[in-house]
Amino acid sequence: MRTRPLKVALLGCGVVGSEVARIMTTHADDLAQRIGAPIELAGVAVRRPSKVREGIDPALVTTDATALVKRGDIDVVVEVIGGIEPARTLITTAFEHGASVVSANKALLAQDGAALHAAAEQHGRDLYYEAAVAGAIPLIRPLRESLAGDKVNRVLGIVNGTTNFILDKMDSTGAGYQEALDEATALGYAEADPTADVEGFDAAAKAAILAGIAFHSRVRLDDVYREGMTEVTASDFASAKNMGCTIKLLAICERAGDGGSVTARVHPAMIPLTHPLASVRGAYNAVFVESDASGQLMFYGPGAGGAPTASAVLGDLVAVCRNRLSGATGPGESAYAALPVSPMGDVVTRYHISLDVADKPGVLAQVATVFAEHGVSIDTVRQTGKDGEASLVVVTHRASDASLSGTVEALRKLDTVRGVASIMRVEGE
Ligand SMILES: NC(=O)c1ccc[n+]([C@@H]2O[C@H](COP(=O)([O-])OP(=O)(O)OC[C@H]3O[C@@H](n4cnc5c(N)ncnc54)[C@H](OP(=O)(O)O)[C@@H]3O)[C@@H](O)[C@H]2O)c1
């Protein structure tokens, strides 16, 4: 075993970074054996230098992250600051100064993954980011390496623990969205500003990363259709139960049409209770991968948290250090297929639509005609009426999102339709 240590610079020492530093110290001997050389924490960049950080030598702490990555003797930079800047500049500077990079930064990779991969390749260095999607769950490496000989057709997953916790609460207790969010906040599952989670931005970034890797194409955050889950109501859950379903915020990446393009989307959807994703409870994450030869695979586990996320970071760190010692680099970006991303209108799925309508003869026929005119075939209709008003629940067969949008637009124009109470896609069948 080499005795000269590999030097690691840690950018960020918060929820994830502090756990990375702790595991690096407590597992130092094992990590050295697995890598073939010891690793040494050579510097820790933070924003607030005076904060007490247990287990971290204060002499290593700096606020000058740029100087740290420019030192020239750093082998691996671990970026766990988050956000776009200064993380992006620090990562490219690290490559320029000879370091490989391990990052957990989904926002940055979904936005600028291609440029960062190009910078890594230009300088003959590694860029690993297992922790950027679904925390501890091995997903990037299985897609990038284990399934490299197969053809992935679909990736369907729960990739945000906060929203799964909220939806699970609504499902199991009958609570409304706000009540469930308040509980998630009180228990530390939701941040003070939960926008990134509940509006689906976090899941959309992960969907972009997963789609790019799964389909060997470039998919950016802007390519991902996104709907949050703040409009999901207790009555949506009641409707879902009637259909033998529950509601999850799903990230769905799939080959579209004849396979010549891909789609990536994040939205709440009904899934049958018999689908494995329906039993993913609390803040857990799970991703279902369907491919030609392997069939269906499911990856399940804690999708966030300091120690689980640090586990993924450390796995990358070991891999990158091994590459470093052997003078090799791991797989870089694979975007050779260059499949275009189709718009949401091209997505084909089933829909559950709740309408408030006038309770009088002929309404059902009028509504059915609108569906038929737009080429959307109806699977089931359920009508409940009281005092001249009725609620109509229509479940469709598979139709394109564009056809469904046209149908809903036309329905809103009918005098007998008082309102469209909810539209929910039905997935996983
Ligand atoms: N938390 C999770 O469960 C989780 C899961 C998966 C992925 N991630 C990703 O991991 C990354 C880190 O998340 P986190 O939860 O650990 O964040 P965090 O707790 O907010 O920690 C951020 C760290 O970065 C430091 N920092 C902020 N701006 C800086 C700057 N300009 N220069 C140097 N240091 C700076 C902060 O310094 P101070 O300590 O001085 O404030 C802090 O130590 C993000 O990309 C996140 O998306 C997190």
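Read-outs throughout are calculated quantities, based only on the coordinates presented, and are distinct from any laboratory measurement. Not measured: the values here are computed from a predicted model. Every residue, glycine among them, receives a Cβ derived from its backbone with ideal geometry; neighbour counts consider all protein chains shown.
Taking the chain as a Gaussian network of alpha-carbon nodes connected by springs under 10 Å, the highest mean-square fluctuation of the residues Arg398, Arg412, Arg88 belongs to Arg412. Based on the Kirkwood approach, the hydrodynamic radius assigned to the stretch 140-302 is 16.1 Å, with every pair of different Cα atoms included. In the stretch 344-426, taking the dipole from charged Cβ atoms about the Cα centre, the farthest positive-side position among Val357, Gly375, Val393 is held by Val393. Taking the inverse of the mean 1/r over every pair of distinct Cα atoms in the stretch 344-426 gives a Kirkwood hydrodynamic radius of 12.6 Å. Relative to the longest principal axis of the Cα atoms of the chain, helix 201-214 runs at roughly 70 degrees.
Normalising the Debye intensity of the chain to I(0), with uniform scatterers on Cα atoms only, and taking log10 at q = 0.08, 0.09, 0.13 Å⁻¹ returns -0.50, -0.61, -1.09.
The dipole here belongs to the chain: it is taken about the Cα centre, uses +1 on the Cβ of Lys and Arg and -1 on the Cβ of Asp and Glu, and is about 760 debye. Rounded to the nearest 20, the size of the Cβ-charge dipole of the stretch 284-360 about its Cα centre is 300 debye, with Lys and Arg at +1 and Asp and Glu at -1.
Can you put Cys245, Cys253 in order, fewest other beta carbons within 10 Å first?
Cys245, Cys253
Counting every other Cβ atom within 10 Å of each residue's Cβ, Met229, Met344 order from fewest to most as Met344, Met229. Its alpha carbons considered, the stretch 244-352 gives a radius of gyration followed by a Dmax of 17.9, 55 Å. The distance from the alpha carbon centre of the stretch 274-300 to that of the stretch 27-92 is 34 Å, rounded to a whole number.
Pairwise Cα distances in the stretch 197-290 exceed 17 Å for 54 percent of all pairs.
Under the simplified labelling scheme, the Val381-Asp57 pair shows an inter-label distance of 7.6 nm, with each label point 7 Å from Cα along Cα→Cβ.
Only the Cβ atoms of Lys and Arg (+1) and of Asp and Glu (-1) were treated as charged; on that basis the dipole of the stretch 250-334 about its Cα centre amounts to roughly 300 debye. Comparing Arg265, Arg281, Arg34 in a Gaussian network model of the chain where C-alpha atoms under 10 Å apart are linked, the largest mean-square fluctuation is found at Arg34. Between Ala312, Leu339, Pro194, the Cα set farthest toward the positive side of the dipole of the chain (charges on each charged residue's Cβ, about the Cα centre) is that of Ala312.
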